[in-house]
Structures are given as structure tokens and as C-alpha cells.
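The block underneath contains the structure these notes are about, expressed in C-alpha cells.
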Amino acid sequence: MRREPKTTSVAFEEVMDALDRLEALLSKVGPFVERFGEDETSELLRYEIANAKVGLHTARRNAMLLEGILPV
């Protein structure tokens, strides 16, 4: 059975929802990592969490540009 393609606005909403869920997960991981102190592994995890947050911001911005919400 073939599915109909999603409209742009439906796909946009799904992407934004997924990014919101990922951001919520990252916000839960940060305090968990803080409990481990200042060892090298914790520092690397904090660095990767920060990178993931930057990636989330970029993905949101790109999605809004594609949807026409933000000016180019």
C-alpha cells in the first residue's frame, strides 16, 4: 500500500517536534553528567552535549528557512 507524501507543513511540524524531544533529552543528560565531576570523560560528554545543542539550533533555523518562516 502506497502512502501519500506528507505536506511540507506536516513534515515541518514533525521535524520541530523531534527537535523538541531531542532538546528535552539533552537537558536531562546534562545534570546527569555533572554528577560525575571533572574527569576527562565528563568533559568530553559536556562538549558533545554543547555541540548537539548547536546542531539543534541550526536544524531549527534551517527548517524555518525552508518553511519560509524566516527570511533568507
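Scanning the range 54-72 for residues that are not in a helix (DSSP H, G or I) and not hydrophobic (A, V, I, L, M, F, W, C) turns up 68, 71. Checked against the criterion of being touching a helix residue (DSSP H, G or I) at 6+ places or on another chain (Cβ under 6 Å), surrounded by fewer than 13 Cβ atoms within 10 Å (Cβ to Cβ) and without any contact (Cβ under 8 Å) to a residue 60 or more places away in the chain, the range 41-57 contains not a single residue that satisfies it.
Taking the criterion of being of a type in the set (Ser, Thr, Tyr) and either at pLDDT 85 or above or in a loop (DSSP other than H, G, I, E, B) (or both), the only residue of the range 39-53 that qualifies is 47. Being modelled with pLDDT under 85, surrounded by 14 or more Cβ atoms within 10 Å (Cβ to Cβ) and assigned to a helix (DSSP H, G or I) is a property that holds for residue 33.
The single condition among (1) exposed (fewer than 12 other Cβ atoms within 10 Å of the Cβ); (2) touching a Phe, Trp or Tyr at 6+ places or on another chain (Cβ under 7 Å); (3) among the small types (Gly, Ala, Ser) that residue 9 does not satisfy is (2).
The values are calculated or read from the model by the stated rules, or taken from the named source; none is laboratory data. Here the structure is a predicted model, which is why all the values come from computation and not from measurement. In this analysis, Cβ positions are derived from the backbone assuming ideal geometry, glycine residues included, and neighbour counts consider all displayed protein chains.
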